[in-house]
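Engineer: Pasting a structure here, questions to come.
The values are calculated or read from the model by the stated rules, or taken from the named source; none is laboratory data. Because the structure is predicted, anything quoted here is derived from the model rather than measured. Cβ: placed from backbone, ideal geometry, glycine included. Neighbour counts: every protein chain shown.
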Amino acid sequence: MTKIDCAVLIDDDSITNFLNEELIKELGVSEKVKVFEDGRGALNYINENCIKSNKCPELILLDINMPVMDGFEFLKVFNSLEFENKEDVKIIMLTTSSNSKDFEQAKKLSVKDYITKPLTPEKLMPVLKKHFYL
């Protein structure tokens, strides 16, 4: 099976991050998984890896509700960045929110898909197949 080179998890809940990281590793869909507990840390990583060295994560799983910088703030900053192959970065909203307004706002901010927590193989694999042909 083809693997994603790098997946990024952005969620302020460390237990959720641990479980999601383990799931991604167990499914064998990504060579490496980077975890951030807020959008600011993830943007620093993207700045270092996408803009400076052109080694972007291919997948970002992003929560909405986080302190420091929430998911929508992250998306606004991410969308303002300019770097090569930006369209290859697939951002998937992973959240407890089932609010249709959140879904619509996410679509307007270039989110490729929307998954409600908890993350399961049954929810993740169809999204990965759709966007990465895994």
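Engineer: Given the options L61, L128, name the one that is farther than 18 Å from T16 by Cβ, in contact (Cβ under 8 Å) with a residue 24 or more places away in the chain and outside any loop (DSSP other than H, G, I, E, B). Lay out the reasoning, then the answer.
Structural biologist: Working: L61 fails: farther than 18 Å from T16 by Cβ.
The unique qualifying residue is L128.
Engineer: If V68 satisfies every condition in (1) free of Cβ contacts under 8 Å to residues at least 12 places away in the same chain; (2) within 23 Å of I15 (Cβ to Cβ); (3) more than 15 Å from the chain's Cα centre (by Cα) but one, which is the exception?
Structural biologist: The failed condition is (1).
Engineer: A further question follows. Taking the residues in region 102-128 that are modelled with pLDDT under 95 and of a type in the set (K, R) as candidates, determine which candidate is farthest from the chain's Cα centre (by Cα).
Structural biologist: So the residue we want is K108.
Engineer: Within region 44-57, can you find the residues that are surrounded by 17 or more Cβ atoms within 10 Å (Cβ to Cβ) and either over 25 Å from L128 (Cβ atoms) or in contact with a helix residue (DSSP H, G or I) (Cβ under 6 Å, 6 or more places away or on another chain) (or both)?
Structural biologist: Of everything in region 44-57, just one residue is surrounded by 17 or more Cβ atoms within 10 Å (Cβ to Cβ) and either over 25 Å from L128 (Cβ atoms) or in contact with a helix residue (DSSP H, G or I) (Cβ under 6 Å, 6 or more places away or on another chain) (or both), namely C56.
Engineer: How about region 31-54: which of its residues are assigned to a helix (DSSP H, G or I) and small (G, A, S)? Quick ask: steps written out before the conclusion?
Structural biologist: Within region 31-54, the subset assigned to a helix (DSSP H, G or I) is 39-51.
Answer for region 31-54, where residues must be assigned to a helix (DSSP H, G or I) and small (G, A, S): G39, G41, A42.
Engineer: From the list T116, T95, which one is polar (S, T, N, Q), within 28 Å of E31 (Cβ to Cβ) and crowded, with 16+ Cβ neighbours inside 10 Å?
Structural biologist: Numbers: T116 fails: crowded, with 16+ Cβ neighbours inside 10 Å.
Only one candidate passes the filter, namely T95.
Engineer: Looking at K86, is it surrounded by fewer than 20 Cβ atoms within 10 Å (Cβ to Cβ) and in contact with a Ser or Thr (Cβ under 9 Å, 6 or more places away or on another chain)? Walk me through how you get there before you give the answer.
Structural biologist: Numbers: surrounded by fewer than 20 Cβ atoms within 10 Å (Cβ to Cβ): yes; in contact with a Ser or Thr (Cβ under 9 Å, 6 or more places away or on another chain): no.
Spelling it out, it is not the case that K86 is surrounded by fewer than 20 Cβ atoms within 10 Å (Cβ to Cβ) and in contact with a Ser or Thr (Cβ under 9 Å, 6 or more places away or on another chain).
Engineer: While we're on this one: Can you pull out every residue in region 8-30 that is among the aliphatic types (A, V, I, L, M), part of a strand (DSSP E or B) and over 18 Å from F83 (Cα atoms)?
Structural biologist: If we filter region 8-30 for residues that are among the aliphatic types (A, V, I, L, M), which is where we start, we get 8-10, 15, 19, 23-24, 27, 29.
Next, from what is left, pick out any that are part of a strand (DSSP E or B): 8-10.
Scanning region 8-30 gives L9, I10.
Engineer: Which of the numbered conditions does E73 fail, given that it passes all the others? Conditions: (1) out of contact with any helix residue (DSSP H, G or I) (no Cβ under 8 Å at 6 or more places or on another chain); (2) not in a loop (DSSP other than H, G, I, E, B); (3) not hydrophobic (A, V, I, L, M, F, W, C).
Structural biologist: Every condition holds for E73 apart from (1).
Engineer: Scan region 89-104 and tell me whether some residue there is under 21 Å from N49 (Cβ atoms) and in a helix (DSSP H, G or I).
Structural biologist: no
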